[in-house]
Protein chains: 2
Amino acid sequence: MKKFIISFILLLICSCQSSESENNIAIVIHGGAGTILKENMTPELEAAYIGKLEEAVMTGYEILKAGGSSQSAVKETIIIMENSPLFNAGVGAALTNKETASLDASFMEGKNLNAGAIAGSKYIKNPINAAISVMEDSPHVLLSSDGADEFAIKMGLDTVPNSYFITERRLNSVRKAKKDDMVSFEDSFINDSKYGTVGCVAIDKMGNIASGTSTGGTTNKKWGRIGDVPIIGAGTYANNDCCGISTTGWGEHFIRNVVAYDIAAQIIYDNKSIKEASVKSLDKVMETGGDGGVIGLDNKGNISMEFNTAGMYRASVDINGKVTIKIYSD
Amino acid sequence: MKKFIISFILLLICSCQSSESENNIAIVIHGGAGTILKENMTPELEAAYIGKLEEAVMTGYEILKAGGSSQSAVKETIIIMENSPLFNAGVGAALTNKETASLDASFMEGKNLNAGAIAGSKYIKNPINAAISVMEDSPHVLLSSDGADEFAIKMGLDTVPNSYFITERRLNSVRKAKKDDMVSFEDSFINDSKYGTVGCVAIDKMGNIASGTSTGGTTNKKWGRIGDVPIIGAGTYANNDCCGISTTGWGEHFIRNVVAYDIAAQIIYDNKSIKEASVKSLDKVMETGGDGGVIGLDNKGNISMEFNTAGMYRASVDINGKVTIKIYSD
């Protein structure tokens, strides 16, 4: 009888471990990287950021825990951040030189390398939904400008007037940037203290990785500027063979260094860990004069949240269920 | 005296070799890949393609030989192809669903990873000039749509009415595609027999690599579709540490597989030759269901021209001055 009980306990332990290793669910999010310093933050605003990051990451995690797909987890998590005026995506997006919101988003699935993205949308309420719809309902990967809005309307996605996205804080910010422009327009957008984005990477119980990123781009952007967010390989990448990545920062440098895919390539071709690869890619961004951050997870659920700015809004739930929510450098 | 003569001859040989290794100039171009079959080609049209490919590649090569920069060689070579109605770029570009030309181009410099691109321009006579201007005259990498045209006008680049780009051949092609749409719009653009682009990669006497690509995109494109051409890392990449790449083919698959940078990454992280890396990246494109071609050269001037379509308009001059001009599979 004693033997039987011991065997039973051992069996229980084994099946728990096995179930754990088959269900390495994990999720990681960012809400932008930049000059985020504690001395510039009120306790109320800090609490608001922490609260929203927690709400977003836990929403995705609960979906994964219930057996939902990584696509669903990434989508619902990003929608929460797009709907919050705290982040530079959806409501509260940074404004263009014409004082309008112009929204970019992208999404990629690791199981089949399917991807979709939009750039320069003015009316799509939740750009991440449009990115997924481009992937699923069109033969294309990237739709832009009026065409992206036309497509979203045709697909029956929620649209809103452009004023829906505009907050007083962002209006003040772009007006200040435009004023500074008269002296030095070329660098004004760099000085925006939160040229961030929102992003999410998740791995579900099936081992499928998905990544998504959404942004209003840089304050005072002109000429239909497209940053790294809707660029697969720069702002977003997912591949079950290695990892999922979402980036935030000075987009031009993330494009030139093909950051999201450079991290994946180091894992695939150079056997690097996701943390080592993320650090090296951010070093390359710094070498060309840029900065920012990257979040990601590999196909074992190992999480990485790296940045070379003062801070990055970020949160994660790892494969052991450990929740992390941070704003500043460690 | 005999010893002196031998030493002198040896010195001559050494300096010749040294001068050769310092001057490994080379250039490679493509004019699109697709279902290019000899039985569909008239001798006159074939001669026209061969002639224009030769004119383009030799123009760039002469610039390199005279000590000009790879930037200059790539620019002037691509302008010749943009100005020819034979290729899907500039005059003779494939037309959108609205029967207009919508032009994309990108450019990258290997010495500093600077890059510039435009997407969806309607009025810029030579899109490659605009891509270079975005790189040199703006803090951005990618400008799109009306904004790209506004920027080009501000920079004083040549603009033309959209009708300048439209040829009868392309009008017929898009009208046929639109008619077929009624049955199956999703795949109509794939069947376009030359969904190509033009591209050029060169290495100059300083060892600097530059890459450029230009296209009208796919016939009957809608919703502001952006393909791989203006995407750094997908359609174009250059880095003196490894190689320069320009791609052509079914753009969506080149984006999803981050083809241009995937080739570079294999050279950097996996010690592959440019030919091996190009073949492997094209295999990945085929795995997701796409096809096309890539041209490139590494920092020793080794040239690669690979494709998995029936043919690819292509030409090169290698480090020994050997000229190659081809259309069909070997």
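In region B:72-128, the residue that is nearest to the chain's Cα centre (by Cα) out of those that are of a type in the set (F, W, Y) and over 18 Å from B:G244 (Cβ atoms) is B:F87. For region B:112-120, the count of residues that are of a type outside the set (A, V, I, L, M, F, W, C) and on the phi > 0 side of the Ramachandran plot is at least one. Of the set (1) within 27 Å of A:M81 (Cα to Cα); (2) at pLDDT 95 or above; (3) among the polar types (S, T, N, Q), all apply to A:T309 but (2). Residues that are assigned to a strand (DSSP E or B), out of contact with any Asp or Glu (no Cβ under 7 Å at 6 or more places or on another chain) and hydrophobic (A, V, I, L, M, F, W, C) were ranked within region A:22-39; the one that is farthest from A:K322 (Cα to Cα) is A:A33. In a residue-by-residue description of region A:281-295, the property of being among the polar types (S, T, N, Q), under 27 Å from A:M58 (Cβ atoms) and either in contact (Cβ under 8 Å) with a residue 12 or more places away in the chain or more than 9 Å from every other protein chain (Cβ to nearest Cβ) (or both) applies to no position.
Taking region A:205-219, which residues are assigned to a loop (DSSP other than H, G, I, E, B) and open to solvent by less than 10 Å² (accessible area, probe 1.4 Å)? Within region A:205-219, A:G216, A:G217, A:T218, A:T219 qualify.
For region B:301-330, the set of residues classified as small (G, A, S) and surrounded by fewer than 18 Cβ atoms within 10 Å (Cβ to Cβ) consists of B:A310, B:G321, B:S329, listed by residue number. Apart from one condition, A:R314 fits all of (1) of a type outside the set (S, T, Y); (2) more than 16 Å from A:I203 (Cβ to Cβ); (3) touching a residue at least 12 places away in the same chain (Cβ under 8 Å); (4) part of a helix (DSSP H, G or I); the exception is (4). Listed here are the helices (runs of 4 or more DSSP H) enclosed by region A:100-190 that have at least 3 residues being open to solvent by 10 Å² or more (accessible area, probe 1.4 Å) and modelled with pLDDT under 95: A:168-188. Within region A:82-99, being at pLDDT below 95 and among the hydroxyl-bearing types (S, T, Y) holds for one residue alone: A:T96.
What are the residues in region A:240-275 that are hydroxyl-bearing (S, T, Y), facing chain B (nearest Cβ under 9 Å) and open to solvent by less than 10 Å² (accessible area, probe 1.4 Å), if any? Passing the criteria: only A:Y261. When A:A119, A:A115, A:A152 are checked against the criterion of being facing chain B (nearest Cβ under 10 Å), in contact with a helix residue (DSSP H, G or I) (Cβ under 6 Å, 6 or more places away or on another chain) and under 17 Å from A:Y237 (Cα atoms), a single residue qualifies: A:A115. For region B:291-300, a tally of residues being at pLDDT 95 or above, buried (at least 19 other Cβ atoms within 10 Å of the Cβ) and part of a loop (DSSP other than H, G, I, E, B) returns 1. Do the conditions hold for B:N97, that is, is it farther than 26 Å from A:T218 by Cα and either in a strand (DSSP E or B) or within 12 Å of chain A (Cβ to nearest Cβ) (or both)? Judged against the criteria, B:N97 is a match. Of all the numbered requirements in (1) touching a residue at least 24 places away in the same chain (Cβ under 8 Å); (2) at the interface with chain B (Cβ under 9 Å from one of its Cβ atoms); (3) over 21 Å from the mean Cα position of the chain (by Cα), A:G147 misses one, and that requirement is (1).
Residues that are among the hydroxyl-bearing types (S, T, Y) and more than 14 Å from chain A (Cβ to nearest Cβ) within region B:195-214 comprise B:T197, B:T213, B:S214, listed in sequence order. Condition first: within 18 Å of B:A89 (Cβ to Cβ), free of Cβ contacts under 8 Å to residues at least 60 places away in the same chain, within 11 Å of chain A (Cβ to nearest Cβ) and within 14 Å of the chain's Cα centre (by Cα). Can you find one or more residues in region B:217-232 that meet it? Yes, because at least one residue in region B:217-232 is within 18 Å of B:A89 (Cβ to Cβ), free of Cβ contacts under 8 Å to residues at least 60 places away in the same chain, within 11 Å of chain A (Cβ to nearest Cβ) and within 14 Å of the chain's Cα centre (by Cα). Can you find even one residue in region A:258-280 that is assigned to a loop (DSSP other than H, G, I, E, B), polar (S, T, N, Q) and without any contact (Cβ under 8 Å) to a residue 12 or more places away in the chain? Yes, region A:258-280 contains a residue that is assigned to a loop (DSSP other than H, G, I, E, B), polar (S, T, N, Q) and without any contact (Cβ under 8 Å) to a residue 12 or more places away in the chain. Residues satisfying the criterion are absent from region A:222-235 (criterion: within 25 Å of A:Y61 (Cα to Cα), of a type outside the set (S, T, N, Q), open to solvent by 30 Å² or more (accessible area, probe 1.4 Å) and touching a helix residue (DSSP H, G or I) at 6+ places or on another chain (Cβ under 8 Å)). With the structure loaded, tell me whether B:S138 is away from chain A (no Cβ under 14 Å) and more than 23 Å from B:G293 (Cα to Cα) or whether it fails that test. It is false that B:S138 is away from chain A (no Cβ under 14 Å) and more than 23 Å from B:G293 (Cα to Cα).
Here is a yes/no grid of residues against (1) among the basic types (K, R); (2) at pLDDT below 95; (3) surrounded by fewer than 23 Cβ atoms within 10 Å (Cβ to Cβ):
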position: B:C14; (1), (2), (3): no, yes, yes
position: B:V28; (1), (2), (3): no, no, no
position: B:G32; (1), (2), (3): no, yes, no
position: B:E44; (1), (2), (3): no, yes, yes
position: B:A47; (1), (2), (3): no, no, yes
position: B:K52; (1), (2), (3): yes, no, yes
position: B:T59; (1), (2), (3): no, no, yes
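Residues of region B:73-94 that are open to solvent by 40 Å² or more (accessible area, probe 1.4 Å) and either free of Cβ contacts under 8 Å to residues at least 12 places away in the same chain or part of a helix (DSSP H, G or I) (or both): B:K75, B:E76.
Going through region B:75-120 one residue at a time, which ones are touching a Ser or Thr at 6+ places or on another chain (Cβ under 7 Å) and of a type in the set (S, T, N, Q)? Result: B:T77, B:N88, B:T96, B:S102, B:S106.
The values are calculated or read from the model by the stated rules, or taken from the named source; none is laboratory data. Predicted, not measured: the structure shown is a model, and the values here were computed from it. Counting neighbours? That spans all protein chains shown, and the Cβs are built from the backbone with ideal geometry, glycine included. Just the protein is used for accessible areas: all its heavy atoms, side chains included, with ligands, DNA and RNA removed. Shrake-Rupley method; radii C 1.70, N 1.55, O 1.52, S 1.80 Å.
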